[in-house]
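Any read-out appearing in this document is the output of simple, stated calculations on the displayed coordinates, not a laboratory observation. Small disclaimer: the values here were computed from a predicted structure and weren't measured. All Cβ positions, even for glycine, are placed from backbone atoms using ideal geometry, and neighbour counts span all protein chains on display.
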Amino acid sequence: MPDTPKDRDISVKLAPDRMTAELKVPAGFDAEHLTTVYVEQAASEKNIHLTDEVRSAIDRAIRERKPGENLTATIAEGTPAEHGQDGYVQWLVKEPDEKTDNDQTENTDDAPHSLSHYDRSAFIMVKRGQKIGKIHEPTAGEDGREICGEVVKAHMGTAAKLDTNDSIEIKPAGDLIATCRGVLLREHSRAVIESQLEVNGYVDFSTGHIDFCGDVLITKGVRDLFRVKADGNIEIRGLIESATIICTGDLHAKGGFAGGEDGTVDVGNDLHARYLNDVSGQVHHNLIIDKELLGSDLVIHGNLEAPRASLVGGTIQLVGSGTVNELGSPGGMATNIVLGALPKLEPLAEQLRQIIRISEQQLEELTVENENLKYLKKPNAEQKERMTMIMCDFSMTETRLKKAQGALETLEERMEQDRVVDLTVTARAFPAVVFTYRGVAMKLKNELRGPVHFCRNPRNDLVVETDGIQTPIEKLASLANAREAA
């Protein structure tokens, strides 16, 4: 090295992390002595590995130095360690507030596919066997190196944590598979699939419509125009407003159902309600009412159990037996009861009757046409061919008619066997209640004090039984007109 005062000599300074080295040349340093060898010697004294990159950086710094000016230049750079990435869980299900490609941000006339606010769901529904996510493994990373040659160790990424149960299967490759259908619940690192959906509050715009493949519990009620559908049982603890309720199992309407104009139900098994007001639809097994059944149009495929309730207004088609406390109202509100209803068989019978009516009309038309052709003295070839076709059509229609008549006869025999007429009114049946039995509607003339039993006699006629005495319905009721009948 040249004999130069220290305050005027070059210096090589290492960063504390030993990842960079900086060359400093004071303005008064003699340019003649600023050589590559001189600087490399200074770097070697600091234990810097003289790689090709370091030598190139030294040469570049020397070339770029301007006489009479201080020089500060980085001549060595280490390679930082690339630490491994942490493992993570990638969820493949749509978040409740996540928009799809079809969702529109503005409500415009040219956005017909925008999602209704009623259809936006606050829950993540999954199906059995559905791939709902994937666990990605952490990576190892890549070691780095300091400028003095020491290895900088890379840290392994942290494995993803997922706390779950047997509702989610973790495959060897990390795929997450739903082992059951239900709602996916996630909180922090825990994720499970629940077979029962619990709505803590109302079904309203905060939840959207509910369409769930399992049991549903709603702690409050269901607001107007919302739909709750479940492949299972539904329990609603608050008031159901003008909504649609559909389930394959039981419906427990503990807060009652005020249906208004649009309240509908389709219950696959039993419906147990505090009360039903202005509700239409079907109950495929038993209907149990605690207080009141008002203004509702229902088909009950099982029994009606309302021993302490009033049935006022609307039309009830009852397939099984029934018990009510009061039937109708003192004011004569139109109340229709169809006894011995067979909603599954009656449409088939009506189809057969329609086939019979059409076939009989066709046979009559073919007979008239054939009679007219028979009286022709010299029918031409076309008329003769038509007579042959008439005979063929007549034979086919007659065969169809006989088959339909036989099928209808068999069906009607089964209908009579299956028909149940068994309604008990424990307190009172008011005037103007209309009873429909086998297509005939009868309007009650006077109030009947209970207990009174509506049933059939051995001739299958509708009778009213009081204190063991049966009275034909015709003596207590008159034929109802078309407007009054169900």
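Each peptide in 219-232, 303-316 gets a packing score, the mean of other Cβ atoms within 10 Å over its residues, and the list from highest to lowest is 303-316, 219-232.
Once the Cα-Cα distance is subtracted from the 0.36 nm per residue extended length, the Glu53 to Met396 segment shows a gain of 113.3 nm. Full extension of the chain segment joining Gln383 with Asp163 gains 70.5 nm, where the gain is 0.36 nm per residue of separation less the Cα-Cα distance. For Lys46, the amide hydrogen comes within under 5 Å of no other amide hydrogen, counting only partners 5 or more places away or on other chains and with H modelled in the peptide plane. Using the Stokes-Einstein relation with a Kirkwood hydrodynamic radius computed over Cα pairs, the translational diffusion coefficient of segment 6-77 at 4 °C and a viscosity of 1.567 mPa s comes to 107 µm²/s.
A dipole drawn for the chain from +1 and -1 charges on Cβ atoms has a positive end, and of Gln354, Ala480, Val126 the residue lying farthest that way is Ala480.
In this entry, segment 290-365 is assigned a mean projected area of 6.5 nm², taken as a quarter of its C-alpha convex hull surface.
Largest first and in whole Å, the equivalent-ellipsoid semi-axes of segment 346-418 read 35, 9, 8, each the square root of five times a Cα gyration tensor eigenvalue.
Axis of helix 36-45 versus longest Cα principal axis of the chain: the two differ by about 70°, to the nearest ten degrees. Summary of packing: across the peptides 383-395, 180-192, the per-residue average of other C-beta atoms within 10 Å ranks them, highest first, as 180-192, 383-395.
Across the cross-link table entries Lys254/Lys445; Lys94/Lys229; Lys94/Lys171; Lys229/Lys254, which are compared at the Cα atoms, the separations over 27 Å belong to Lys254/Lys445.
Residues whose amide H falls under 5 Å from that of Glu198, counting only those 5 or more places apart or on a different chain, are Leu217, with hydrogens built in the peptide plane. When the C-alpha to C-alpha distance is required to be over 31 Å, the pairs from Lys378/Lys402; Lys402/Lys443; Lys13/Lys153 that qualify are Lys378/Lys402; Lys402/Lys443.
Helix 52-64 and the long axis of the chain differ in direction by around 70°, with both axes built from C-alpha atoms.
The average projected area of the chain, computed from the convex hull of its Cα atoms over all directions, is 48.2 nm². Calculation over all alpha carbon pairs of segment 136-216 in 5 angstrom steps from 0 returns a P(r) of 3, 11, 14, 15, 12, 10, 8, 7, 6, 5, 4, 3, 2, 1 percent.
Dividing the summed -39500 (n - 2.57) terms of all DSSP H runs of n ≥ 4 by the residue count of the chain sets its mean residue ellipticity at 222 nm at -6500 deg cm²/dmol. Pairwise inverse Cα distances across segment 196-339, averaged and inverted, put the Kirkwood hydrodynamic radius at 14.8 Å.
Helix 346-374 versus the longest principal axis of the chain: what is the Cα-based angle in degrees, 0 to 90, to the nearest 10? So the inclination is approximately 60 degrees. A straight chain from Lys127 to Gln417 at 0.36 nm per residue would run longer than the Cα-Cα distance by 100.1 nm.
A simple charge model with +1 on the Cβ of Lys and Arg, -1 on the Cβ of Asp and Glu and nothing else charged puts the dipole of the chain at about 1780 debye relative to its Cα centre.
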